[in-house]
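Peer 1: Here it is, the structure in full.
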4 protein chains.
Amino acid sequence: MIKLRMGMVGGGEGAFIGEVHRSAAALDGEIELVCGAFSADPECSLRFGKQLGLPASRVYRDYQTMMSAEAQLSADRRMQFVAIVTPNHLHYPVAHAALDAGFHVLSDKPATLSLNEALLLREKLQATNLLYGLTHTYTGYPLVKEAQQRIAAGELGAIRKVIVEYPQGWLVEREEQAGNKQASWRLDPERAGVSGCFADIGVHAANLAEYVSGLKIEAVCADLTPMVEGRVLDDDGAMLLRFESGARGVLHASQICIGEENGLKIRAYGDKGGVEWSQQEPNTLWLKWHDRPVQMLRAGAAYLGERATANTRLPMGHPEGYIEAFANLYMAFAGQLRDRHAGVASHDHNTDCPGIEAAIRGMAFIELAVTASASNVKWHRLQSY
Amino acid sequence: MIKLRMGMVGGGEGAFIGEVHRSAAALDGEIELVCGAFSADPECSLRFGKQLGLPASRVYRDYQTMMSAEAQLSADRRMQFVAIVTPNHLHYPVAHAALDAGFHVLSDKPATLSLNEALLLREKLQATNLLYGLTHTYTGYPLVKEAQQRIAAGELGAIRKVIVEYPQGWLVEREEQAGNKQASWRLDPERAGVSGCFADIGVHAANLAEYVSGLKIEAVCADLTPMVEGRVLDDDGAMLLRFESGARGVLHASQICIGEENGLKIRAYGDKGGVEWSQQEPNTLWLKWHDRPVQMLRAGAAYLGERATANTRLPMGHPEGYIEAFANLYMAFAGQLRDRHAGVASHDHNTDCPGIEAAIRGMAFIELAVTASASNVKWHRLQSY
Amino acid sequence: MIKLRMGMVGGGEGAFIGEVHRSAAALDGEIELVCGAFSADPECSLRFGKQLGLPASRVYRDYQTMMSAEAQLSADRRMQFVAIVTPNHLHYPVAHAALDAGFHVLSDKPATLSLNEALLLREKLQATNLLYGLTHTYTGYPLVKEAQQRIAAGELGAIRKVIVEYPQGWLVEREEQAGNKQASWRLDPERAGVSGCFADIGVHAANLAEYVSGLKIEAVCADLTPMVEGRVLDDDGAMLLRFESGARGVLHASQICIGEENGLKIRAYGDKGGVEWSQQEPNTLWLKWHDRPVQMLRAGAAYLGERATANTRLPMGHPEGYIEAFANLYMAFAGQLRDRHAGVASHDHNTDCPGIEAAIRGMAFIELAVTASASNVKWHRLQSY
Amino acid sequence: MIKLRMGMVGGGEGAFIGEVHRSAAALDGEIELVCGAFSADPECSLRFGKQLGLPASRVYRDYQTMMSAEAQLSADRRMQFVAIVTPNHLHYPVAHAALDAGFHVLSDKPATLSLNEALLLREKLQATNLLYGLTHTYTGYPLVKEAQQRIAAGELGAIRKVIVEYPQGWLVEREEQAGNKQASWRLDPERAGVSGCFADIGVHAANLAEYVSGLKIEAVCADLTPMVEGRVLDDDGAMLLRFESGARGVLHASQICIGEENGLKIRAYGDKGGVEWSQQEPNTLWLKWHDRPVQMLRAGAAYLGERATANTRLPMGHPEGYIEAFANLYMAFAGQLRDRHAGVASHDHNTDCPGIEAAIRGMAFIELAVTASASNVKWHRLQSY
């Protein structure tokens, strides 16, 4: 098996998500980082690329140069796909440039700065017939997949209620004024878009709710706000949800829930059974029943379904975490790429990486969250595009 | 110390909450059950009273008879207060009759069938100058009091966000048609009032949110529904909350969250710290901070405040539960009564039993939940009466 | 139903376990405290009895007076049994005096100061044909009974391994020199006997291990020590266990495990399944399997066995605790007494209170723990008496 | 930074630990797998090496060939160290051959088949002056390092008691006869040595106890046994421990605790505070105190010490797991290697990988466990070599 060749845009010194992407790509030994444009500052990019052990010739001063230079390399040397790990406002232009140059794209979320950009991106993808993946990390966890599969198989009956929450506390003070890079761009409308908290994590919660339940959100009633004085974008919000099936739900996300870490959690209740999963203890999935004891399912167990098993590396009791979940998305995207090269249809279990439809849905959700919150009308429809 | 003499209306064979009241009253050895009218069926009442070891002369065929007969007993023999543990629709008439006959009242919640009845009850109380207590059980837990005290003392700073939830699963099927008494009256508008789930448990959640945070709910945006076909009253619902202080919140309660037991849980986040408490593990209170480790406070610990300590019977690690929390309300109500008899002002720590104001607030909340849910306007103001 | 009449020896001002006994006796409304000798100091006894609302005539200056005075009361007035809640050294003399005067006995553990006293007590019981109960609290928890029943029914297969632990931390410093009454007598050989920690809590752990597993300890290998300088009796210890069936085990108990509360916990593993139960979260029982998910059983659930159900008062999710477990022992002892009075054989489910055989076994265990610890021979046989 | 070049012996198709080593080595992008002899069967080795993307020329038929062939490559191409991931009986011969050929060694544990081999290995290392690392995985977790550091700094005072346990359940049935490779060699004296469970996991527990507490085990009292019929080597055991400092302890490990996964857990109690850490929730460390609330420390938090921080990749709430802990050992070993190449003394924080002294200590512990268990003398001294 020859390693797939990856390029990276963004993710230089001090970036959090860039390092996660690199670790996730490296973990299973199937992908090799071959080039990058790691920073808006060309010097930083070069220094950082060297630190990563890349040859100077493959570290670029900007993404435009990278696209054209890589395109001129021989087919067996040039990168095969680009991982985009910049702040939000660059997702679209970088993806566009990559596609123009003939490279597949694996992008961090949210996909773009606006719904409109996401729709344009879809057009571009259709025109180029290239692959696009979106790293909604949390669907990469094996027990999230187990929950999804069991619900899809009808084991819990018809889902009636979905409660998804995502409390964080790291923005409880004005970190964005204290030199915290992660905070400053996420709260800056120019770089983050119309929303802070909901573009950053609320969209993960919505994605997870739809993924696990198999239901589509039909309408939302929202209340978002910047809770900390001086902010323009929301750092906190909550929603009532109605699903197309008639199920109802609650979604809340916040970055000012002091002392909370990365508390994404989902509960879904059907008429036969329920599930509960928490990101901070990702190797446990709870199944709940009316007349039988709660069951604790554990990653790596023999009783889990095919999809969970295919996305687990270790035996029970050997915890896997965030990087491994992320690596599962990379593995799925790599599987698609290999299938594409081999000219075969993608197998179900290795195509489980969100794509452009999830990207559009996410952007529609973010924009609706903001619109609905500002309105005094209760319900706002989440449209399909 | 002479025991206080209690009468009881309701709580016969198969009743859940009546037995809880009796246990709670008995636990600390300060209250004696001396009489009762335990059932709408006089024979049942007599049989049950006998089973409790009461003399036949003090077991009554109905509450009206009880009030007049007890009133004619000598002052040192007759009951001093009535515990009302009937279905909701009888709370008001029984309380009214008791007050008329000169007896103090300790009532299960919700206080009445409607807000209007609660307002009339307040007038009656003012006219008779008798005591009234409402058993909002959950404020009786020592660590709920600890949370309340720490927030009141400013330890968590200004509260920004309150998340309160109360999932249950016992009404996931149509228990009310399967001979389950508890279910049948709670889902019957005649006996339960305008709401099912929110009159039964949503109101506990709202009470807890206001009690712990020290904030007043200003407005709600609600979505209640009977999720199980064939029901008239809500068995599920969720709310966005706005507090007068500017804080925001989420409240959800349900009786169709399959596999959930009695999952009342509150989280409140200030600008300095946060708290988390769950009814199912009531002896633990979590304090959360921005830059310091989460702390686990435990009932019975020496570091707890005066109020928690006064409401705890056992050393750390010896779990207390629901009956003990209930007994704390009884202890507080008994303390008020003793102070009244002694002609002294009630001490703070032994007067911590909700009263008529909580009763009115609860009924206003319940009625607003239903109104707001039916409306397409987003926000509905919770008025003070 | 007429209440049973209880007298109490010990349990005055500041005593922990006396109050627990009173609450446990009161909880279910079947037992009434009618008299007591609450303190070695007659004045304290009188003052305390008054505080409890007892008539002065039934509060005695010492237990000897109490026995003779009560014996002279009419059969329908005098106490029917004595609850003994003194320090250990008085358990035997008080029990002896009570039996001599014709009263049944319910005693706190350990039963006596020495194995020899326990054997003499058995002779006395045989001679008087009166009832004797021993409050090994922890077997009163409903889910401990569930575990016992499931193992007895063979659901877990043959038990191979039992791990029981009981860490506490309250004696981490020399509390016994700082005026802590609980500490001072427990560490005083005159009042506690040959062991501190193992007489106080190690014996609970051993009792629980045998009760739950249904196995008999055959031999122990022990290492006990006073870990805090200046103490004579052990405050910490550990044991390897061998059971008669060939199963093996570990038992450790300590009062110097800083920060631990009352951490009694048992795990038992068979060849088909395992159980885990922790006293600090007593309403949960874990069942473990080889090829199926772990199950979480919860107190109050419909799927529990008869014995757990008979010892539970509340629906699922309404936590019961230590006092309720204690009350279950009282309920069982009261059941025996009522059956005795009614002249019927005791029913299994209401006779579940440990008796003189458990008392003797406990004392044999305590003495063996000390002997075995002092020896350089590895294994020491736990004999039956 | 140029990647370090690693060779691997063992770890072919279906091996668990080989894949872990490869992932751990890959995770941080500092190490490259360049060659291997993956199986005793040359064909399997070749096929597997190809699957890993290695050139056929660097996949060897046996480890002897690998050592000599690699030694002949140019210094900038040949591997720099060998990862040994075979069953136990090959650890020593492979390490010996690698050292003979001039390669550093990173070996899985236990280091050798016997104490004597471990002592010979030390001599060989002294003669060759090459590096040796031993992958005692669990010391790689950041919060284990935090516990170690806090105890070393005296924060918990003098340690009095250490409780370490390691229950697993995967050998509850005779997996070794059902084609389970992992089971078959671990229970075969020829390949595993004198012990099954204690060579496999008991030794991890002992290593962790000494690492975290900073204390040396002085003597053990042991009871090991094959609990499942037909086995020769222990699958279960327990020990009482005495430490040189006077502290005492308990160690138990088992592979027949049905339903348990990989339950390594340590608790250490000093006279000022205590710690608790569980491998299955490795991102949490509990600190316990006498008069203050328990604290929950979380991986990634700013309040953690330098060593924990240096061994963590992600912010709080983003779980890291077993592979990351393993990668920390690789990172430490790689740090030593780089320092060696750079001619500088190894920095403390990047040399935190166990070496030959831990290897010898582990083998002495395993052999003593077996000897002590077979003896009827209680205490057996753990000697230093």
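The values are calculated or read from the model by the stated rules, or taken from the named source; none is laboratory data. Every value quoted in this text rests on a predicted model; they were computed, and no experiment measured them. Cβ sites come from the backbone with ideal geometry, for glycine too, and all protein chains shown count toward neighbours.
Peer 1: Out of C:Glu190, C:Glu175, C:Glu218, which single residue is farther than 24 Å from C:Glu146 by Cβ, in the same structural domain as C:Arg150 (by TED's automatic domain parsing) and without any contact (Cβ under 8 Å) to a residue 12 or more places away in the chain?
Peer 2: The conditions single out C:Glu175.
Peer 1: Here is a list: D:Gln177, D:Gln80, D:Gln149, D:Gln126. Which entry is in contact with a Leu (Cβ under 7 Å, 6 or more places away or on another chain), more than 14 Å from chain C (Cβ to nearest Cβ) and farther than 22 Å from D:Val203 by Cβ?
Peer 2: After applying the criteria, what remains is D:Gln80.
Peer 1: Could you check region A:339-366 and list, in sequence order, the residues that are part of a loop (DSSP other than H, G, I, E, B), surrounded by fewer than 21 Cβ atoms within 10 Å (Cβ to Cβ) and in contact (Cβ under 8 Å) with a residue 60 or more places away in the chain?
Peer 2: Once the filter is applied, which keeps residues that are part of a loop (DSSP other than H, G, I, E, B), surrounded by fewer than 21 Cβ atoms within 10 Å (Cβ to Cβ) and in contact (Cβ under 8 Å) with a residue 60 or more places away in the chain, region A:339-366 yields only A:Gly355.
Peer 1: Then there's this: When you scan region A:30-105 for helices (runs of 4 or more DSSP H) that lie fully inside it, which ones turn up with 3 or more residues that are within 20 Å of the chain's Cα centre (by Cα) and among the hydrophobic types (A, V, I, L, M, F, W, C)?
Peer 2: A:91-100
Peer 1: Before we move on, is D:Thr137 of a type in the set (Val, Ile, Thr) and at pLDDT below 95?
Peer 2: Judged against the criteria, D:Thr137 is a match.
Let's see how each residue does on (1) at pLDDT below 95; (2) out of contact with any helix residue (DSSP H, G or I) (no Cβ under 7 Å at 6 or more places or on another chain); (3) at positive phi:
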{"site": "B:Gln255", "(1), (2), (3)": "no, no, no"}
{"site": "B:Gly259", "(1), (2), (3)": "no, yes, yes"}
{"site": "B:Asn262", "(1), (2), (3)": "no, yes, no"}
{"site": "B:Asp271", "(1), (2), (3)": "no, yes, no"}
{"site": "B:Gln295", "(1), (2), (3)": "no, yes, no"}
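Peer 1: Quick one: would you say B:Ser68 is more than 21 Å from C:Leu314 (Cα to Cα), free of Cβ contacts under 8 Å to residues at least 40 places away in the same chain and surrounded by fewer than 24 Cβ atoms within 10 Å (Cβ to Cβ)?
Peer 2: When the stated conditions are applied, B:Ser68 passes them.
Peer 1: Continuing with the same structure: Taking the residues in region B:136-159 that are touching a Ser or Thr at 6+ places or on another chain (Cβ under 9 Å) and not in a helix (DSSP H, G or I) as candidates, determine which candidate is surrounded by the fewest Cβ atoms within 10 Å (Cβ to Cβ).
Peer 2: Restricting to residues being touching a Ser or Thr at 6+ places or on another chain (Cβ under 9 Å) and not in a helix (DSSP H, G or I), the top hit is B:Ala158.
Peer 1: Also, quick follow-up: Consider B:Ala369 carefully, then state whether it is within 14 Å of chain A (Cβ to nearest Cβ), in a helix (DSSP H, G or I) and either surrounded by fewer than 23 Cβ atoms within 10 Å (Cβ to Cβ) or within 23 Å of the chain's Cα centre (by Cα) (or both).
Peer 2: yes
Peer 1: Using the structure shown, decide if C:Tyr303 is hydroxyl-bearing (Ser, Thr, Tyr) and in contact with a strand residue (DSSP E or B) (Cβ under 7 Å, 6 or more places away or on another chain).
Peer 2: Judged against the criteria, C:Tyr303 is not a match.
Peer 1: Have a look at B:Arg242, B:Arg248, B:Arg231 and point out the one that is at pLDDT 95 or above, within 26 Å of B:Arg150 (Cα to Cα), surrounded by fewer than 22 Cβ atoms within 10 Å (Cβ to Cβ) and not acidic (Asp, Glu).
Peer 2: Exactly one residue qualifies, and that residue is B:Arg242.
Peer 1: Follow-up. From the residues in region A:295-338 that are among the basic types (Lys, Arg) and within 9 Å of chain D (Cβ to nearest Cβ), which one is surrounded by the most Cβ atoms within 10 Å (Cβ to Cβ)?
Peer 2: Among those residues, the one meeting the criterion is A:Arg313.
Peer 1: When the residues of region D:1-29 are filtered to those that are surrounded by fewer than 24 Cβ atoms within 10 Å (Cβ to Cβ) and within 18 Å of D:Arg77 (Cβ to Cβ), which remaining residue is farthest from the other protein chains (Cβ to nearest Cβ)?
Peer 2: Per the criteria, the residue is D:Arg5.
Peer 1: Please pick out the residue among D:Ala98, D:Ala127, D:Ala153 that is farther than 23 Å from D:Phe365 by Cα, touching a strand residue (DSSP E or B) at 6+ places or on another chain (Cβ under 7 Å) and of a type in the set (Gly, Ala, Ser).
Peer 2: D:Ala98
Peer 1: Residues of region C:33-57 being more than 9 Å from chain B (Cβ to nearest Cβ) and surrounded by fewer than 17 Cβ atoms within 10 Å (Cβ to Cβ), which ones?
Peer 2: C:Ala40, C:Asp41, C:Pro42, C:Glu43, C:Cys44, C:Arg47, C:Pro55, C:Ala56, C:Ser57
Peer 1: Also, quick follow-up: Being of a type in the set (A, V, I, L, M, F, W, C) and either in a helix (DSSP H, G or I) or touching a strand residue (DSSP E or B) at 6+ places or on another chain (Cβ under 6 Å) (or both) is the requirement here; does B:Ala25 meet it?
Peer 2: yes
Peer 1: While we're looking at this one, here's another question. Is at least one residue of region A:197-219 at pLDDT 95 or above, over 29 Å from A:Asp271 (Cα atoms) and polar (S, T, N, Q)?
Peer 2: Within region A:197-219, not a single residue is at pLDDT 95 or above, over 29 Å from A:Asp271 (Cα atoms) and polar (S, T, N, Q).
Peer 1: Please determine whether any residue of region D:182-199 is β-branched (Val, Ile, Thr) and surrounded by fewer than 22 Cβ atoms within 10 Å (Cβ to Cβ).
Peer 2: Within region D:182-199, one or more residues are β-branched (Val, Ile, Thr) and surrounded by fewer than 22 Cβ atoms within 10 Å (Cβ to Cβ).
Peer 1: Pull up region B:274-285, narrow it to residues that are at the interface with another protein chain (Cβ under 7 Å from one of its Cβ atoms) and either surrounded by 22 or more Cβ atoms within 10 Å (Cβ to Cβ) or in contact with a Ser or Thr (Cβ under 7 Å, 6 or more places away or on another chain) (or both), then point me to the one that is farthest from B:Glu210 (Cα to Cα).
Peer 2: In this case the residue turns out to be B:Pro282.
Peer 1: Identify all residues within region C:1-22 that are among the basic types (Lys, Arg) and part of a helix (DSSP H, G or I); write none if there are none.
Peer 2: C:Arg22, the sole residue that qualifies.
Peer 1: Hey, another quick one. Is there a residue being touching a residue at least 60 places away in the same chain (Cβ under 8 Å) and among the acidic types (Asp, Glu) anywhere in region B:281-298?
Peer 2: No, region B:281-298 contains no residue that is touching a residue at least 60 places away in the same chain (Cβ under 8 Å) and among the acidic types (Asp, Glu).
Peer 1: A follow-up question, please. Tell me, which residue of region A:216-267 that is among the basic types (Lys, Arg) and over 21 Å from the mean Cα position of the chain (by Cα) is farthest from the other protein chains (Cβ to nearest Cβ)?
Peer 2: It comes out as A:Arg231.
Peer 1: Would you tally the residues in region A:177-211 being in a helix (DSSP H, G or I) and out of contact with any strand residue (DSSP E or B) (no Cβ under 7 Å at 6 or more places or on another chain)?
Peer 2: Qualifying residue count, region A:177-211: 16.
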